[in-house]
Amino acid sequence: MLDVRRLRLLTDLDRLGTIAAVAAVHAYTPSAVSQQLAALEREAGVALLQRTGRRVRFTAAGRVLVRHAAVVLNAMEETTAALAAVASQPAGPVRVGAHPTAVRTVLPAALVALGRDHPGLELSVSELDPIAVPAALRDRRLDVGLVQDYDVVPAVADPMLESVALLDERVYLAVAADAPISGLAGTRDTAWILSTPGTLCHEAALRVCRSAGFTPRARHHIDDFDAVLALVAAGQGVALVPELAAGPQRRADPDRQVSLIAVPTWRRTRIGYRRGAAAHPAVAAVVSALRESAAAFGGDIPAESF
């Protein structure tokens, strides 16, 4: 009989690449992880890993087991959800991960509704860049998380995760109101305000600009869109801003210190969770509350599913 916990270590090794990384995620020692994987090999009756010094590679049998382990772990998640559904009300801890803009806009109303309708839930929110959410879900540091992609940076399918649409947002080029700029082409020689390298928004800005035939010249690296818009208004550069972040600024800017020019790019936000967990009452309650809250922004956001 194959041990499910050891199967999880094997799939994590496939994802993370090294035994040391797996150990760090699970708060084990590398030696303990190696011992567990060796025990899994004995259970399987075949070699799963080839060891060369400190490095390991999967054997053909190891690759087969990794594929089947994903199916087993997803089935375990689905079983847990089915058992939880027997309870009359959603209850227990739920860890939610969201990017800063959603924490300020969509999340508050959802948290209020969940507290009112499901007082047995113990909600905990962590602010995370969307690029970090999939790993946090797989590592069980989150139960629900907002994941994103852009037209120019499409998401990569993950066999361990699934998601449902939350909202789509038009992306705008933000420029100072008095700047003689009418589109992306006019920013080729302009200073840019970009997100931190390694974030999804940073990569999206690079690709949007490159599709227009240039690489943006970064002056500032800022992740908070309110700060970005303030710097744009101060003439410190131009930036790409999604509708969820730009909407409040547009309503609160009667003097039009910032002009917003639509660019042919959309940002898509989805609610992610581990595959098989959709029917878990706590997960389903959070998903429902988030989608209801996002619908309230319909006047500013084209909330189209995809």
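Where both partners of a DSSP beta bridge lie in the chain, what percent of those bridges are antiparallel, to the nearest 5?
Bridges in the chain are about 65 percent antiparallel.
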Check: Compactness ratio of segment 16-61: Cα Rg over 2.2 N^0.38 Å, N = residue count?
Finding: 1.12
Check: If you take the beta carbon distance between A38 and T80 as r and set R0 to 30 Å, what does 1/(1 + (r/R0)^6) give as a FRET efficiency, to the nearest 0.05?
Finding: 0.60
Note to self: Just to be sure I understand the model, the point goes 7 Å from the Cα along the line to the Cβ. What's the resulting A24 to R141 distance in nm?
What the structure shows: 1.0 nm
Notebook entry, point to check: Just V56, V258, V33 to compare: in a GNM of the chain, with alpha carbon springs under 10 Å, which one fluctuates most?
Noted result: V56
Checklist line | Cut-off under 5 Å, modelled amide H: who pairs with A177 long-range | finding: V258, S259
Next item on the list: For the chain, build the charge dipole from Cβ charges (+1 Lys, Arg; -1 Asp, Glu) around the Cα centre, then report which of A110, V232, G17 sits farthest towards its positive end.
Entry: G17
Next item on the list: As a check on your grasp of the helix formula, calculate [θ] at 222 nm for the chain: sum -39500 (n - 2.57) over DSSP H runs of n ≥ 4, divide by the residue count, round to the nearest 500.
Entry: -13000 deg cm²/dmol
Check: How do the peptides 231-239, 70-78 rank, highest first, by the average count of neighbouring beta carbon atoms within 10 Å per residue?
Finding: 231-239, 70-78
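Rank-order 284-295, 38-49 by packing density, defined as the average count of other C-beta atoms within 10 Å over each peptide's residues, highest first. Walk me through the numbers before you get to the answer.
Details: 284-295: 20.2, 38-49: 14.9.
Top of the packing list down: 284-295, 38-49.
Please list 196-204, 136-144 highest first by mean number of surrounding beta-carbon atoms within 10 Å per residue.
Highest to lowest by the protection proxy: 136-144, 196-204.
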Item checked: Amide H within-cut-off set for T265, under 5 Å, with H built and near neighbours excluded -> V171
Checklist line | Test item: Cα-centred dipole of the chain, Lys/Arg +1 and Asp/Glu -1 on Cβ, debye | finding: 1060 debye
Next item on the list: Could you tell me the largest-minus-smallest coordinate of the C-alpha atoms of segment 1-159 on each of the three principal axes, in descending order and whole angstroms?
Entry: 53, 42, 29
Checklist line | Full-stretch length increase - V72, R219 - with 0.36 nm per residue and alpha-carbon distance subtracted | finding: 48.1 nm
Checklist line | FRET E, pair Q89, V4, Förster distance 25 Å, beta-carbon r, rounded to 0.05 | finding: 0.35
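Quick one: dipole size for segment 1-131, taken about the Cα centre, charges +1 on Lys/Arg Cβ and -1 on Asp/Glu Cβ, in debye to the nearest 20.
It works out to roughly 560 debye.
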Next item on the list: Bin width 5 Å, alpha-carbon pairs only: give the P(r) of segment 130-195 as whole percents, running from 0 to the bin holding the largest distance.
Entry: 3, 11, 20, 16, 12, 11, 10, 8, 6, 1
Checklist line | Additional length obtainable on full extension of the chain from S182 to A296, 0.36 nm per residue less Cα span | finding: 38.0 nm
Checklist line | Correct option for semi-axes √(5λ) of the Cα gyration tensor in Å [calculated from the coordinates] among (1) 33, 22, 18; (2) 41, 26, 14; (3) 26, 22, 19 | finding: (2)
Checklist line | Two-site FRET efficiency, A191 against A113, from Cβ-Cβ distance with R₀ of 41 Å, rounded to 0.05 | finding: 0.45
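Quick note: the coordinates plus some simple rules give every number you see, no bench work behind them. Please read all numbers here as calculations on a predicted model, not as lab measurements. Every residue, glycine as well, gets a Cβ built from its backbone with ideal geometry; the counts of neighbours run over all protein chains shown.
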